[in-house]
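Down below is the structure, laid out as structure tokens.
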Amino acid sequence: MNTLIASPKKRITSIDLLRGIIMVIMALDHVRDFFHVQAMTGDATNLQTTTPQLFFTRWITHYCAPIFVFLSGTSIYLQGLRKTKKELSIFLIKRGLWLILAEITILTLGWTFNPLYNLLFIQVIWAIGISMVIIGLLIRTSFSVILITGLLIVFCHNLLDYPEAARNQQVGFWWNFLHHARFSIYEIFPNHFALILYAFVPWTGLMCLGYCLGKFFDPNITVEQRRKKLLMLGSLTILFFIAIRFINLYGDPAPWSVQKNSVFTFLSFINVTKYPPSLMYISMIIGPALIALALFENVKNKVSDFFTVFGRVPFFYYILHLFLIHGLTVIGFYISGYGSKDIVSPNIPFLFRPATFGYSLKIVYLIWIFVILTLYPLCKWYNKYKSTHQHWWLSYI
């Protein structure tokens, strides 16, 4: 039986707005994966083969996963303002386990369209899930413990780059599972494999720091105080990134170098490592994110309302966008003249996505816009439903 709520829970609009923007940008990367003609045959960030347009199409989407993980931590802190430690801990552990299960069942199917599950995807939702389980345990300690844990992981995990390099990146399953995981594939059952893209430890550290950012959103902090703190911290983080990246000695396993011209040298400077997220990668992204949170305080217009809808139903949107994009790929597959013999392609995890399939970057952008506009009314409906109903399962989708 449906239970109506008299008024929706108060939400932090700046967080929803920023989350919504990065969710929309995220879809661009996934549309590029499925529809760009070079997505399966090249690397958009390879400075020897890319163009500035293609590079930035990929680079801007780097902002999505870390900001989403970071804000997930902030949302956990805000939930703690209305729950006991025990209640929050139990909820985080259950929700984390659900996200892990959803990653290897629902989302793996969305990525592959393979009902036999020959390849399981271990990606961002998995990393968020296991990080929630860990924070669900840490939440029973203290704020200081979570802060120190986050700082130690984010600032020190790149020390592991050196032994990894000494082993020529051949570090084994558990090391890949915890830290390295650059698209490592392991057979878990006969003819069934797991593809590890997101080693969870660095992402857990980032979520811990996002949790600690929640202090800035305490009810006793005024909007002006929060804005000043966010602007200062964001600016310092950007300056930290520029200084440490310029020194070129620590914080990222891929040092920058002088290229054929100033544009490509700049691209080399900002071409930091996502798998796993390096200190430079996190600093480059979280600094501007903090400034955006400050600037988005009390922003209210039609544009912000549009993006906020996606930010309030992120997991619902994530599931839908994946199945929609892959479904459109199937249509494009047949329109382009491919047949049943082309459904499965060697070394490509997505069915209906041959290596030679795809379109220009302009078409990719048009498909991306179509995906967002198609999903908007569905997300708007679900957001309204969540805000006016109470069901236990609404907290999990």
Here are the criteria: (1) within 24 Å of Ile125 (Cα to Cα); (2) in contact with an Asp or Glu (Cβ under 6 Å, 6 or more places away or on another chain). Tell me which single one Pro354 does not satisfy.
(1)
Being outside any helix (DSSP H, G or I) and either under 22 Å from the mean Cα position of the chain (by Cα) or surrounded by fewer than 18 Cβ atoms within 10 Å (Cβ to Cβ) (or both) narrows it down to one residue among Tyr275, Tyr281; which is it?
Tyr275
Looking at region 243-259, which of the residues that are of a type in the set (A, V, I, L, M, F, W, C) and surrounded by 13 or more Cβ atoms within 10 Å (Cβ to Cβ) is nearest to Thr74 (Cα to Cα)?
Ile244
Would you be able to tell me the number of residues in region 271-297 that are of a type in the set (Val, Ile, Thr), more than 16 Å from Asp161 (Cα to Cα) and out of contact with any Phe, Trp or Tyr (no Cβ under 7 Å at 6 or more places or on another chain)?
1
Checked Leu351, Leu394, Leu366 against criteria (out of contact with any Pro (no Cβ under 9 Å at 6 or more places or on another chain), aliphatic (A, V, I, L, M) and modelled with pLDDT under 95); the one match is Leu394
Residues of region 319-342 satisfying the condition of being aliphatic (A, V, I, L, M) and in contact (Cβ under 8 Å) with a residue 24 or more places away in the chain:
Ile319, Leu320, Leu322, Leu324, Ile325, Leu328, Val330
Report, by residue number, each residue of region 129-151 that is part of a helix (DSSP H, G or I) and more than 13 Å from Ile93 (Cβ to Cβ).
Phe143, Ser144, Val145, Ile146, Leu147, Ile148, Thr149, Gly150, Leu151
In region 137-180, how many are among the small types (Gly, Ala, Ser) and within 14 Å of Pro253 (Cα to Cα)?
2
Considering only residues that are over 25 Å from Ile22 (Cβ atoms) and among the hydrophobic types (A, V, I, L, M, F, W, C), look in region 321-334 and name the one that is surrounded by the fewest Cβ atoms within 10 Å (Cβ to Cβ).
Ile331
Taking Asn2, is it modelled with pLDDT under 95, assigned to a loop (DSSP other than H, G, I, E, B) and not charged (D, E, K, R)?
yes
Just one of (1) in a helix (DSSP H, G or I); (2) farther than 22 Å from His62 by Cα trips up Ile185, so point out which.
(1)
Could you figure out which of (1) part of a helix (DSSP H, G or I); (2) closer than 19 Å to Ile325 by Cβ; (3) of a type outside the set (A, V, I, L, M, F, W, C) isn't true of Asn114?
(1)
Number of the condition not met by Val69 [criteria: (1) over 30 Å from Trp368 (Cβ atoms); (2) crowded, with 20+ Cβ neighbours inside 10 Å; (3) among the aliphatic types (A, V, I, L, M)]:
(1)
Can you pull out the residues in region 335-365 that are outside any loop (DSSP other than H, G, I, E, B) and surrounded by fewer than 13 Cβ atoms within 10 Å (Cβ to Cβ)?
Ile335, Ser340, Lys341, Lys362
Test each condition in (1) more than 19 Å from the chain's Cα centre (by Cα); (2) surrounded by fewer than 20 Cβ atoms within 10 Å (Cβ to Cβ); (3) not charged (D, E, K, R) for Gln123 and report the one that comes out false.
(1)
Would you confirm whether or not region 302-309 contains a residue that is under 20 Å from Trp111 (Cβ atoms), modelled with pLDDT of 95 or more and either of a type outside the set (A, V, I, L, M, F, W, C) or not in a helix (DSSP H, G or I) (or both)?
no
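Yes or no, residue by residue, for (1) at pLDDT 95 or above; (2) within 13 Å of Val154 (Cβ to Cβ):
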{"residue": "Ile188", "(1), (2)": "no, no"}
{"residue": "His192", "(1), (2)": "no, no"}
{"residue": "Leu233", "(1), (2)": "yes, no"}
{"residue": "Ile242", "(1), (2)": "yes, no"}
{"residue": "Phe264", "(1), (2)": "yes, no"}
{"residue": "Leu279", "(1), (2)": "yes, yes"}
{"residue": "Ser283", "(1), (2)": "yes, yes"}
{"residue": "Pro288", "(1), (2)": "yes, no"}
Scope region 208-251; condition assigned to a helix (DSSP H, G or I) and acidic (Asp, Glu); matching residues:
Glu224
Go through Ile188, Ile139, Ile221, Ile128 for me and flag whichever is over 21 Å from the mean Cα position of the chain (by Cα) and buried (at least 21 other Cβ atoms within 10 Å of the Cβ).
Ile139
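The values are calculated or read from the model by the stated rules, or taken from the named source; none is laboratory data. All values reported here derive from a predicted model rather than from experimental measurement. Counting neighbours? That spans all protein chains shown, and the Cβs are built from the backbone with ideal geometry, glycine included.
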